[in-house]
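Trainee: My structure is below; once you've seen it, I'll send some questions.
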Amino acid sequence: MKLSASLGRAPSYRMLPPSEVVRDLCERVRLKEEIDTSTPAPGAAAKRWANVEWLFGVLARREARGETDTDGLSSFVHVLTMGMGSEAEDAGDVVTLSTLHGSKGLEFDVVFLVGCEEGYLPHARTLEVRATDSVEGGGDIEEERRLIYVGVTRARQKLVLSRAKCRVLRGKAVARTPSRFLSDVPPDHFEEVEIDDESPTTAKEAAANAGAILALLR
């Protein structure tokens, strides 16, 4: 997304709460107008702007609870962006959660690349016209291939590629298709392990997991 609007003479944000600063910046760069004009599908544009409004609301709720300290805000933004600085490699005995895009330039001894299934990697938007907000339809499979390459090459010593045989969607178990990229790996380069003795996640457990994630964001 390219914002061509000029910021002009920026006001002093020193004494303003973060929610007002973010809202003012979005207005000054005409972010909503840019989203509306750069997204062909109106529904997709509405969803993108809803994400921005969600951020406004979350910041406002933090301020209403009196959470205005700089350190707290920094930690909060870190959670939102799953941001990782150059210190990520020396973080110690911890698990780092990252998107594939966010992992560029980083390396780890052990990497777990999860969701290696059609519809996830490659993403559904590259496979189906209705799943993308582009009027041209599906995206570039080769770009998805380059993306998985980024994830694979993050591992120094051990790489685990995982997929699910089925997932619960709308209350029903749906069989999943392995990612086409898995077939590109020579058989003598990996050890296949099948785990089928684990009980599926219950609706109650899924709700608890989702609640824990939401608690972090709040």
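The values are calculated or read from the model by the stated rules, or taken from the named source; none is laboratory data. Computed from a predicted structure; not experimentally measured. Neighbour counts run over all protein chains shown; Cβ positions are idealised from the backbone, glycine included.
Trainee: Select, from Val114, Val52, the only residue that is modelled with pLDDT of 65 or more, more than 30 Å from Arg176 (Cβ to Cβ) and surrounded by 13 or more Cβ atoms within 10 Å (Cβ to Cβ). Break it down into steps so the answer makes sense when it comes.
Mentor: Numbers: Val114 fails: more than 30 Å from Arg176 (Cβ to Cβ).
Of the residues listed, the single one that is modelled with pLDDT of 65 or more, more than 30 Å from Arg176 (Cβ to Cβ) and surrounded by 13 or more Cβ atoms within 10 Å (Cβ to Cβ) is Val52.
Trainee: What is the residue count in segment 161-200 for residues that are surrounded by 11 or more Cβ atoms within 10 Å (Cβ to Cβ), of a type in the set (D, E, K, R) and more than 25 Å from Arg146 (Cβ to Cβ)?
Mentor: 2
Trainee: Is segment 172-188 home to any residue that is assigned to a helix (DSSP H, G or I), touching a Leu at 6+ places or on another chain (Cβ under 9 Å) and acidic (Asp, Glu)?
Mentor: no
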